[in-house]
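Take a look at the structure set out below.
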Amino acid sequence: MSQTVEIKVPDIGDFDEVEVIEVLVAVGDTIEGEQSLITVESDKASMEIPASQGGVVKSLSVKVGDKVKQGSVLLQLEPAGEGEAKPAEDDKPAAAPAKAEAPAAQPAKAEAAPVKAEPAQDKPATAPAGQAARSAPVQAAATDSAVPVPHASPSVRKFARELGVDLHKVRGTGPKQRITQDDVRGFVKQALAGNAPAAAASGSADGAALGLLPWPKVDFSKFGPIETKALSRIQKISGANLHRNWVMIPHVTNNDEADITSLEALRVQLNRENEKSGIKVTMLAFLIKAVVATLKKFPQFNASLDSDNLVFKQYFHIGFAADTPNGLVVPVIRDADKKGILEIAEETSALAKKARDGKLSPAEMQGGCFSISSLGGIGGTHFTPIINAPEVAILGVSRSYQKPVWDGKAFVPQLTVPLSLSYDHRVIDGAAAARFNAHLAGLLADFRRVML
């Protein structure tokens, strides 16, 4: 007759009682010595309690939310090597008492209907938020005793619980497939990608389908006077697009600077000479022309990802972010490679005015290959602009400033503009982005090179 042994909580230090926040095994699991059984949490830290020996779990004595201390019984274990030649029927009497005990009842329900483990994550809406975040992963883990326990540290497990992520579904990229915090973040981003448009369109971050905690509902009027205004139509549309682009595109931003001392002098001279024409040349016109020349040298930035194909465009339509009372819009300068500085300056001014007046047509905001977001007239040093899909890169430009630069003999003033290039890392690597920004900075420093 097989014998069972009790696995108890070992010495856990200066703690009277700690709360069980995760159960990592289920009845019927075959475990090894030193394998983690539960995760407990105090007010200072969380830790995993390992098994003192290996064997088959016959019954569980704890569940999520229980308090345990040194000596508390965690489970009944049939030691490894016992009962191996016995028929399966012999296990039934040992399993019966476990079903009668309250602590084992919840895992037994999860095992009875494994196909309902996913929808079960929606149920915590009727339970306290803390209980929901903790119980859902445990139920999912208990649905299939054959699934190995995820390899993750207590801090990563806690991070996953806070997000409502089932670690059984996360692929670890660390040593020996250990799950890292970046793996959990990547899983959430990937999962959100399928729900991004709906969530963004509703103006909320409802992650019920992911088992995430519900978006906080706060009565702000309890704390002071408030005023509620509906989002503008532009904000609703752009918000949904930005949300989708942010979660679906792996953004990386390369920051650089360009010396525009000579270019600014040229801009001032052109405006003085063309004062009667009414055309005001802005730095944006030079940026567009320099970007086109750089796109010709680095064609992968003038492309779009289409499934497993990269579509290289033979035209150069450049979008620019225009600030309006209702939000940002992106008019497009078509065939910018065929237009001069004065023509581009005149067209950007006209499109920006139409944007502020709300008179831009859909056609005037379509077909862009590459976008520029300039905050030069406002401020800032560097920022991370969000790529305007289906484009693969966007240039952010901040306010220019004077800085001292050593010329070999003395420090001389240099008008410097910060450049922030966000790019899709699926298409563009860091070296290409650095070369793009460096080449662009070189053109802005000596604009004559644009003609080469």
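Just so you know, in the stretch 416-435 the residues that are part of a helix (DSSP H, G or I) and under 25 Å from the mean Cα position of the chain (by Cα) include one that is surrounded by the fewest Cβ atoms within 10 Å (Cβ to Cβ), and it is A431. Would you say D306 is over 24 Å from the mean Cα position of the chain (by Cα) and in the same structural domain as Q414 (by TED's automatic domain parsing)? Answer is no for this residue. When you check F298 against the structure, is it within 29 Å of V427 (Cα to Cα) and surrounded by 23 or more Cβ atoms within 10 Å (Cβ to Cβ), yes or no? In short, no. Looking across the stretch 1-38, just one residue is closer than 18 Å to S153 by Cβ, in contact with a Gly (Cβ under 9 Å, 6 or more places away or on another chain), of a type outside the set (A, V, I, L, M, F, W, C) and in contact (Cβ under 8 Å) with a residue 24 or more places away in the chain, and that is Q35. Only one of the listed residues (D323, D256) is surrounded by 17 or more Cβ atoms within 10 Å (Cβ to Cβ), in a strand (DSSP E or B) and under 39 Å from the mean Cα position of the chain (by Cα). That residue is D256. Filtering the stretch 333-351 to residues that are touching a Leu at 6+ places or on another chain (Cβ under 9 Å) and either on the phi > 0 side of the Ramachandran plot or crowded, with 18+ Cβ neighbours inside 10 Å (or both) leaves I333, I341, I344, A345, T348, L351. Note on the stretch 220-247: among residues that are free of Cβ contacts under 8 Å to residues at least 24 places away in the same chain and among the polar types (S, T, N, Q), the one that is nearest to P325 (Cα to Cα) is T228.
The values are calculated or read from the model by the stated rules, or taken from the named source; none is laboratory data. Nothing here was measured: the structure is a model prediction, and the numbers come from that model. Positions of Cβ are generated from backbone atoms using ideal geometry, with glycine treated the same way; all protein chains shown enter the neighbour counts.
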